[in-house]
Amino acid sequence: MSYEAPLKEMKFVLNELVDMNEVAQLPGCEDATPDLVDAILTEANKVAVDVLAPLRHSGDIEGSHLKDGKVVTPNGFAEAYKLFSESGWMSINQPAEFGGQGLPYLVDCAVSEMWHSANMAFTLCPLLTNGAVEAIYAHGTDALKQIYLENMVSGKWTGTMNLTEPQAGTDLSAIRAKATPEGDHYIIQGQKIFITWGDHEMAENIVHLVLARLPDAPAGVKGISLFLVPKYLVNEDGSLGERNDAHAISLEHKMGIHASPTCVMSFGGNGKDKDGAIGYLVGEENNGLACMFTMMNLARLAVGMEGVGLSEGAYQIAVEYAKERKQGYASGHEGKVAIIEHADVRRMLMQMRALTEASRAIGYMAASAHDKAHHEVEEEVRKAQQKRVDLLIPIVKGWCTEIAQEVTSLGVQVHGGMGFIEETGIAQYMRDARITTIYEGTTGIQAGDLIGRKTLKDKGEGLLALIGELQQFEETLKAQSGEDFEIIATRFSASLKAVTDSARWVLEKGMETPHSAGAASVNFMMLMGTALGGWMMAKGAVAAKRELDAGSSDDFYKMKVSTARFYAENIMPRTQSYAVAVQTGAGTMMDIPAENF
Ligand SMILES: Cc1cc2nc3c(=O)[nH]c(=O)nc-3n(C[C@H](O)[C@H](O)[C@H](O)COP(=O)(O)OP(=O)(O)OC[C@H]3O[C@@H](n4cnc5c(N)ncnc54)[C@H](O)[C@@H]3O)c2cc1C
């Protein structure tokens, strides 16, 4: 059940595929020298291996629970959190003016992949805190920033995201929580469900970002405002004051991430004289959803990286088991063999490896675009990069987490019956992964965002720019020599055709009937993820071949070419079936009356 970060692979992706060096030259990113990035990755690996991974299984068994109104986290979590935050791991990408390290998000993204592999339930706490910092930094008043950000950046205080209510899940227009103005603040009343790390004792204070409605707010999403609601009120001198009326009243029993307390939060209604929690407006009244999207966008990228981290963890366990477990005979071997010698087990391991590498590269690619969108000098370039990251976010969130379902499930399959037994640890990866396609917007919602806002509303501008880059790369690929590249190039061209045909269909026919785009959306998102994954794998093969041609005999580079070829042969053909499904239309689904189901 051990985990070790694939440092060589991570550095290869950073340097060869997603322009780490270019990002490090951008104004404001200069501190990210190759030596520093190297040191950060090495040290992060130690924390992942020595501190977080050992708590993964025990945290799953023990879980968090509510006792006397307080959330009790599993043994070791509070100590791990103390070490984690005091060592500065919360603040890699956070603004220097509030004590953060101000390093590129790309570095944070690679590091957080390790945390997710090692212990996703734990990592949700810093993940949400970082998102809350981002939202307050972007939309909070100077006073709010001064009071809250430094302690959140250091990890002394943590953050949460309070959107969901029983009747308002995907559909946030149904939010009922109320905010009533009172002097310089608001009184927040209502109940939120499914709030991740909504309460705990690991940090001194918790800063809730809560969506609620003002008394005269317009109906629907245009009447939602965002409020900062601290667990403990903060005195003028910065010390902690009275307990605010924001309490976890129960914890959910879940399929996975048992150590992460998923709370029902009650704002008000806790038997106090003065009913309701004190909150402060973040951003403008009735513009809360837009402000919350600042947090949700980064959180969506981060959840995509959860998928990558879980896939990597599952792959590592599966390889370890496949090398140990002896069953049957295989050609070319005397006596019983380890199951890794069976072709079908190899198929599963290669599928896991190829999909994990592809999803990592797509996640890092989006992080790189995010940094460029923030730090490039030219405004036009920044805008183009923002368009790119906007297009990639639903793909990273949607595809990388769907891939994690496939990869973690294959991990169980590699283990045979022991995969179904908890003590091997692989089942936990599969259970933990299951939530990643649901929270922060389900796969259906990501796919709808990709095809709707990011493609149709954009009139295909961002998508066509991306396709242009794929077309350029097709030429690079065709110029490579050798059988491996002949195959990779052929499959790449076929998948590019699937993408261009489908993009044309979406832009021309996506609005033809009310359901055309909705019916096509998930297949379109899966098509894009698979094709972009193939692009990154092929790009990696070209870079690896360069090293091999220059005389390197490193197996790492040979594996990069083999894995890219495996992806081209075994995964890329999926693009054709996705393309057919995209261009099929909604008839078979929507012409049937609901009562026939
Ligand atoms: C463990 C866990 C942790 C969570 N953490 C948080 C948190 O910290 N903060 C927070 O606010 N929330 C949190 N959530 C809530 C989570 O974000 C929601 O569960 C999620 O957004 C889906 O909403 P829902 O459960 O109401 O499902 P529903 O909205 O009821 O969706 C059910 C199904 O219908 C589909 N569907 C719904 N509407 C549409 C549509 N318009 N188009 C196409 N398909 C649609 C969905 O894709 C889904 O398949 C958490 C949930 C869980 C389980």
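The values are calculated or read from the model by the stated rules, or taken from the named source; none is laboratory data. All values derive from a computational prediction rather than experimental measurement. FYI the Cβ positions are ideal-geometry reconstructions off the backbone, even for glycines, and counts take in every protein chain you see. Surface areas here come from the heavy atoms of the whole protein model, side chains and all, with no ligands, DNA or RNA. Shrake-Rupley method; radii C 1.70, N 1.55, O 1.52, S 1.80 Å.
Structural remarks
- Think of the chain as having a plus end and a minus end, set by charges on the Cβ of Lys, Arg, Asp and Glu; of VAL506, GLY328, HIS200, GLY328 sits farthest toward the positive end of this dipole.
- Proportion of all alpha-carbon pairs of the stretch 154-197 beyond 14 Å (%): 59 percent
- Projecting the Cα atoms of SER493, MET559, LEU548 onto the charge dipole of the stretch 486-597, computed from C-beta unit charges around the Cα centre, puts LEU548 farthest toward the positive end.
- For the chain, the dipole from Cβ point charges (+1 on Lys and Arg, -1 on Asp and Glu) about the Cα centre works out to 1400 debye, to the nearest 20.
- Global geometry of the stretch 241-390, whether rounded, prolate or oblate, following the gyration tensor of its Cα atoms and the 1.5 cut on a/c: oblate
- Hull volume per residue, based on the alpha-carbon atoms of the stretch 3-91 and their convex hull, is 130 Å³.
- Around THR424: net Lys/Arg minus Asp/Glu count, Cβ-Cβ under 12 Å: -3
- Net charge of the neighbourhood of SER64, taken over other residues with C-beta under 13 Å away and scored Lys/Arg +1, Asp/Glu -1, is -2.
- Summarising the strand pairing of the chain, around 85 percent of its internal DSSP beta bridges are antiparallel.
- For the stretch 451-478 versus the stretch 514-587, the gap between their alpha-carbon centres in whole angstrom: 15 Å
- Treating each Cα of the chain as one equal point scatterer and applying the Debye formula with no solvent, the log10 of I(q)/I(0) at q = 0.06, 0.10, 0.11 Å⁻¹ comes out as -0.31, -0.88, -1.07.
- The stretch 303-415: radius of gyration over Cα atoms, expressed as a fraction of 2.2 N^0.38 Å: 1.43
- Debye-formula intensities of the stretch 384-440, expressed as log10 I(q)/I(0) at q = 0.12 Å⁻¹, are -0.37 (one equal scatterer per alpha-carbon, no solvent).
- Gyration tensor over alpha-carbon atoms, the stretch 248-301, equivalent ellipsoid semi-axes in Å: 24, 24, 6
- Shape call, the stretch 389-515: gyration tensor on alpha carbons, a/c limit 1.5: oblate
- Anisotropy class of the stretch 43-179 from Cα gyration tensor, a/c 1.5 cut: oblate
- Overall Cα dimensions of the stretch 454-597, principal axis frame, Å, largest first: 64, 33, 19
- Dipole-positive endmost among GLN386, ILE421, THR408 within the stretch 365-427 (Cβ charges, Cα centre): GLN386
- Radius of gyration and Dmax over the Cα atoms of the stretch 49-109, both given in Å: 14.8, 42
- Ordering of 458-465, 327-334, 149-156 by burial proxy (mean other Cβ atoms within 10 Å per residue, highest first): 149-156, 458-465, 327-334
- Highest mean packing comes first when the peptides 478-484, 169-175, 18-24 are listed by Cβ atoms within 10 Å, giving 18-24, 169-175, 478-484.
- Surface composition of the stretch 188-329: carbon plus sulfur atoms contribute 49% of the solvent-accessible area (1.4 Å probe, protein chains only, all chains present).
- Report summary: the helix-based calculation at 222 nm, which adds -39500 (n - 2.57) for every DSSP H run with n ≥ 4 and divides by the residues of the chain, gives -18000 deg cm²/dmol.
- Extent along the principal axes, Cα only, for the stretch 148-248: 38, 30, 21 Å, with the longest axis given first.
- CYS125 accessible area, assembled protein chains, probe 1.4 Å, Å²: 0 Å²
- In the stretch 346-500, the portion of solvent-accessible area held by carbon and sulfur atoms comes to 54 percent [1.4 Å probe, whole percent, DNA, RNA and ligands not counted].
- Taking every protein chain into account, the accessible area of the chain amounts to 40 square angstrom per residue (probe 1.4 Å).
- Kirkwood hydrodynamic radius of the stretch 97-171, from the reciprocal of the average inverse Cα-Cα distance over all distinct pairs: 13.8 Å.
- Net charge of Cβ neighbours under 15 Å - reference PRO126; Lys, Arg +1; Asp, Glu -1: -3
- Mean projected area of the convex hull spanned by the Cα atoms of the stretch 481-555, taken over all viewing directions: 5.8 nm².
- Quotient of Cα Rg and 2.2 N^0.38 Å for the stretch 1-52, N being how many residues it contains: 1.27
- Rg and Dmax of the stretch 269-337, Cα atoms only, in Å: 26.4, 79
- The Rg/Rh ratio of the stretch 517-597, with Rg taken over Cα atoms and Rh as the Kirkwood radius over Cα pairs, comes to 1.27.
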